[in-house]
Amino acid sequence: MSRFDAVMQRPLAVPVLGPRGLTVSHVAAFAVLLFAIVFPLFFDPLSGFMTTTIQALAFVVMALGLNVMVGFAGLLDLGYVAFFAIGAYTSGWVMSGFYGSANIHVFVSSTIEALPGIHLNFLLVLVVAAVLCAIAAVIIGLPTLRLRGDYIAIVTLAFGEIIRVFAINGPTLHLPFAGSDYPLTAGKQSITPIDQIDLPILSPLNSFLTLRGYYWVILGLVLVCLFIVLRLRDSRIGRAWIAMREDEVAAAAMGIPLVKTKLLAYLVGGAMGGLSGAFLGPFLQVVNADQFAFSFSIFILAMIILGGLGSVWGVVLGALLLTYINNYIIPDVLDDVPGKLGLDFAFSDLGFGVFGFLLVIVMILRPQGLLPERRREIELTEGLDGGADGPPIAGVTPGGPA
C-alpha cells in the first residue's frame, strides 16, 4: 500500500457529543449559520461594509461554481465572467423597462405592474438566468470539451471575450424576430433602473432604505449552492469529476464518459455564475458592458486558488478574504496610509500588486491553499511516491513494505 493510500484510508476521529451522533462539526456549523443570520444586525443597514459583505457573498456563489469546473473536474476556465454577464443581463432584460414597448408582468407588485417593459418575479429571473447559462454552457461545451488542459483554457478565454464584445456592441444587435425596439444590450450605456427584489409573501426590498434584505437573500442563495455542491461532491458524478481531474486516460478506461462528465460540470458551474449575476443586477441597480472585463475571471479564479482548489470551505474563505481586501480594506482602510507617510500616491493604486504579492506568498508558504481539500493537501505535502524522505505517517513505516 502506498503512502497516499494509507493516509486516505485512515479513519477520521470526530468527537461525538451526544447519543444522537451530534458532532463538534455539527455544532460549529450551526453556530456559524446562526452568526451569519444575525450578522447584519450589528451594522448600519446602509453602511459600506454591508455593501461589501453582500458582494462577497455573491462572489462566493460564483467561486463555488468555478470550483466545480476547476477544482472538481479540472477544467481551467478563464472566461467565467461570461456567465456572470449572461445572468446580469437577464435581470436587465426582464426586470426593467429596457424593452419599453413590451408589456409583460408576472408575479410582481402593483407598483411594478404600472411600469412599461418586462417585469418578472425575482425567483423566475433566477430560473431564466440559470437556464440561459446552461444553454450557453452546452453551446460552448459540446464542440470544445474534448480538448484538454491549456486548450480548454484558451477556448473559454475566447468565450468570455466574445460575450464581452457582444455586450459592447449590443445596441447595434437585435433580438431574433424582433424590431429595432429590442436591442441585445445597452452597450456601455447602463440598463437602469432594475426592479428591486420582490419575494412571495414578503414586502418588496428597498436598497435605498436598508440592505439587510439583500444580505439575507444572497445568504440563502449561498446556502442553497453550498448544499448542491456538497451533495454533488459526495455523489457518483462528483467522484467521476475527481477521477477525471486526476487522470483523464484512467477515468476513460474505467468507463467514465469524459465529454458528458465535463459538460455536467460546466452546466453546474455556469448556472451558479448566472444565479450570482441575476442577483447582482437588482442589487447594483445597473448592468453595463464595463462590468465584464477579463480581469474579473482572474479575480474569481484567484479566490479558489487562495482558498484551495477543490475545497468547498476553502473557496468560501478565499472569496470572502479577497473581496474584503479588494472592496473594503484597500479603498477604505489603507487608501490614505501612503499620504500620511508623505508619499504621493494612494494605496488603491497598488491593488494589483497587493494581489500578486498575496498569491506569491500563498504559493510559497501554502501551495495547497488556506483550507485545502484533503486529497490535494496530501499530494502537495506528503508526496505520492511512498519514499522515505517524507514526514512519518502513523501506522506506516517509511520505506517499508506495502
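Order Leu64, Leu371 by their accessible area, 1.4 angstrom probe, all chains in place, largest first.
Leu371, Leu64
What do you get for the angle between helix 81-94 and the principal long axis of the chain? Use alpha-carbon atoms, 0 to 90 degrees, nearest ten.
It works out to around 30 degrees.
Set the Förster distance to 25 Å, then compute FRET efficiency between Val165 and Val131 from the Cβ-Cβ distance, nearest 0.05.
Rounded to the nearest 0.05, the efficiency is 0.60.
So what does Asp44 come to for accessible area, using a 1.4 Å probe and Å² rounded to 10?
Near enough 90 Å² of accessible area.
With a 1.4 Å probe and every protein chain left in place, tell me how much accessible area Ile54 has, in Å² to the nearest 10.
Accessible surface of Ile54 is approximately 0 Å².
Angle, helix 48-67 long axis vs. longest principal axis of the chain, Cα atoms, 0 to 90°, nearest 10?
60 degrees
What distance in nm separates the two pseudo spin-label positions at Ala250 and Ala28, each 7 Å out from Cα along the beta-carbon direction?
3.0 nm
In the chain, what percentage of the DSSP-assigned beta bridges are antiparallel, given to the nearest 5? Mind showing how you got there, number by number?
Values: 7 of 11 bridges.
The answer is about 65 percent antiparallel.
Express in whole angstrom the spacing between the alpha-carbon centres of the stretch 305-354 and the stretch 150-170.
If we compute the Cα centre of each part, the gap is 27 Å.
Okay, helix-only estimate at 222 nm for the chain: each DSSP H run of n ≥ 4 adds -39500 (n - 2.57), divide by all residues, round to 500 deg cm²/dmol; what do you get? Present the calculation step by step, with values, prior to reporting the outcome.
Working: 16 runs with 218 residues, N = 402.
Rounded to the nearest 500, it is -17500 deg cm²/dmol.
Leaving ligands, DNA and RNA out of it, rank Val32, Val312 by accessible area with a 1.4 Å probe, largest first.
Val32, Val312
At a probe radius of 1.4 Å, what is the per-residue accessible area of Ser101, in Å² to the nearest 10?
Approximately 70 Å² of Ser101 is accessible to the 1.4 Å probe.
Suppose we flag chymotrypsin sites (Phe, Trp or Tyr not before Pro) only when DSSP calls them loop and at most 16 other Cβ atoms lie within 10 Å. Which is the longest uninterrupted stretch of the chain?
By the stated rule (loop sites, at most 16 other Cβ atoms within 10 Å), 209-344.
Could you sort Leu209, Leu322, Leu258 by accessible area so the largest value comes first, with the probe set to 1.4 Å?
Leu209, Leu258, Leu322
Debye calculation, C-alpha points only, no solvent: report log10 I(q)/I(0) for the stretch 227-384 at q = 0.09, 0.19 Å⁻¹, in the same order as the q values.
Each listed q maps to, in turn, -0.41, -1.33.
How far apart, in nm, are two points set 7 Å out from the Cα along the Cα-to-Cβ line at Met363 and at Tyr151?
2.5 nm
Distance in nm between label sites at Leu173 and Leu123, each 7 Å beyond Cα in the beta-carbon direction?
3.2 nm
State to the nearest 20 debye the size of the charge dipole of the chain about its Cα centre, where the only charges are +1 on K and R beta carbons and -1 on D and E beta carbons.
Using Cβ point charges on Lys, Arg, Asp and Glu, the chain gives about 1020 debye.
Normalised by the residues of the chain, what does the relative contact order come to in percent, with Cα pairs under 8 Å and at least six apart?
27 percent
Go from 0 up to the bin containing the longest alpha carbon distance in the stretch 108-223, width 10 Å each, and give me the % of pairs per bin.
Result returned by the calculation: 10, 28, 33, 23, 6, 0.
The values are calculated or read from the model by the stated rules, or taken from the named source; none is laboratory data. Here the structure is a predicted model, which means the values were calculated and not measured. When we count neighbours, we look across all protein chains shown, and the Cβ atoms used for this are built from the backbone with ideal geometry, even at glycine. Ligands, DNA and RNA are excluded from the accessible area calculation, which covers all protein heavy atoms including side chains. Shrake-Rupley method; radii C 1.70, N 1.55, O 1.52, S 1.80 Å.
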